[in-house]
Amino acid sequence: MKTWRRLTSTMVVLSLVLVACGGGDGEEAGTANEEGSDTTTVEAAQLVAIAGSSIDFISLIPIAAWECAAEEGVEVEQRFVEDAATAIQAMQQGDAQIGTNIGVNVGVPAVEAGASIVDVVATQRPTWALAVEPSIQSFDDLEGKRIAVHGEASFTRAVSNYFADINGYEYEELIIPGSEVRAEALAQGQIDAAVIDLPDVVQLSETYPGSFEVLVTIGEEFPELIEQDIWLDRDWAEANEDQATTVVQCIVDAMRTMTNDTEYALELAVENLPDMDEQVLAELVEEYSTRDLWPADGLLTPERALSTLTFFNDVGEIEIDEPTEESLDDYFNFSYLETALQNLDG
């Protein structure tokens, strides 16, 4: 398989799907002449990928990857639904073979509930960031500071407490729902720090320049943590190993290309996210590239999977029996990524 390096245009079909069950019957569409025969025929996409969110910055990796897949003879139609649970439901109903933008903390409970899906490759490291007002230069400076989290039972609170525990400081906790709301409160000096999603940090930095900095991202602090992933219909993947491997290989190649060619990454972002300010997109591309948030190795290994399950279990994001090496196959299949990396790197 050749290694794809640059797109000339974005040819992947992007369909905004408001419900999980619409379309995708696999029939051919045609135009009839007066005698009723088809004069033109367009084949439907071979595969359907469904994202557990509206189109956003995270979507860029799959969008780029599906162009690579098309060059390898695997057509993928990308669709978007309102949340990951709806995407997983669509996969279970046979409306999609690929789930994009589905976190481990959502996919694992779905498997526990009976969903026949499997995690095969990560598309980014966790992008939650600990943002601080400019005078704070280290974790030591957070002693006694006001730090905002989303809620009492939230991943942001778990992460905030984890940082405090391992770095030995205490802080005043404030509950402020909404990443963008916390970012604005930080920019206006109402709090000293907050766990905020990196895209919100970058966007609000344009509105309030110089008002806060990123002390660390979760992906940098926990480089082995797996979060946003590609999940496949397990039965389909086992019956179509070559196509499943092509999907994974193109995801990895897209991440490498986006990291190494930021000019291309920005072009793709501007084309697919027209409502976002181009300067914000440029800064996001630079942040992702320099912080290595698009993992060049696809991130998924047994060791990382085990530590990820343990982490999410410990902080209460998932509730499963104590993870073991033997239980990993319940949620992950590492073989597609292993083969893809061999194809790419020899």
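Coordinate-derived values only; no laboratory data. This is a predicted model, so every value here is computed, not measured. When we count neighbours, we look across all protein chains shown, and the Cβ atoms used for this are built from the backbone with ideal geometry, even at glycine.
Structural remarks
- Here region 263-346 is described by how far its Cα atoms reach on the three principal axes: 46, 38, 21 Å, from widest to narrowest.
- Relative pair counts by distance (%), Cα atoms of region 128-221, 10 Å bins: 19, 59, 22, 1
- Distances between placed amide hydrogens fall under 5 Å for VAL48 paired with GLU77, GLN97, ILE98, all partners being 5 or more residues away or on another chain.
- For ASP192, ASP314, order by how many other beta-carbon atoms lie within 10 Å, fewest first: ASP314, ASP192
- Against the chain, whose longest principal axis comes from its Cα atoms, helix 335-345 is set at around 90 degrees.
- For the chain, built as a Gaussian network whose Cα springs stay under 10 Å, the top-fluctuating residue of GLU278, GLU72, GLU326: GLU326
- Helical contribution to [θ] at 222 nm, DSSP H n ≥ 4, -39,500 (n - 2.57), averaged over the chain, rounded to 500: -12000 deg cm²/dmol
- Check: region 128-221 dipole with +1 on Lys, Arg Cβ and -1 on Asp, Glu Cβ, in debye: 160
- If you take all other residues with their beta carbon under 14 Å from the beta carbon of SER54, and give Lys and Arg +1 and Asp and Glu -1, the sum is -3.
- Taking amide H atoms as placed 1.01 Å from N in the peptide plane, the amide H of ASP197 lies under 5 Å from those of ALA129, each 5 or more residues away in sequence or on another chain.
- Look at the dipole of region 128-221 built from charges on Cβ: of LEU198, TYR162, PHE139, the Cα furthest out on the positive end belongs to LEU198.
- Listed values (1) 1.31; (2) 1.15; (3) 1.04 include one computed from this model; for Cα Rg over 2.2 N^0.38 Å that value carries the label (3).
- Per-residue Cβ neighbour rank within 10 angstrom, fewest leading, GLU112, GLU206, GLU227: GLU206, GLU112, GLU227
- Two-site FRET efficiency, ASP292 against GLU206, from Cβ-Cβ distance with R₀ of 25 Å, rounded to 0.05: 0.60
- Alpha-carbon centroid distance for the pair region 276-346 / region 195-263, whole angstrom: 9
- Rounded to the nearest 10 degrees, the inclination of helix 278-290 to the longest alpha-carbon principal axis of the chain is 80 degrees.
- Taken along its three principal axes, the alpha carbon spread of region 156-299 comes to 53, 35, 24 Å, from the longest extent down to the shortest.
- Over all directions, the projected convex hull of the C-alpha atoms in region 89-135 averages 4.7 nm² in area.
- To the nearest ten degrees, helix 241-260 and the longest principal axis of the Cα atoms of the chain are 50 degrees apart.
- Net charge of neighbours whose Cβ lies under 10 Å from the Cβ of VAL104, counting Lys and Arg as +1 and Asp and Glu as -1: -4
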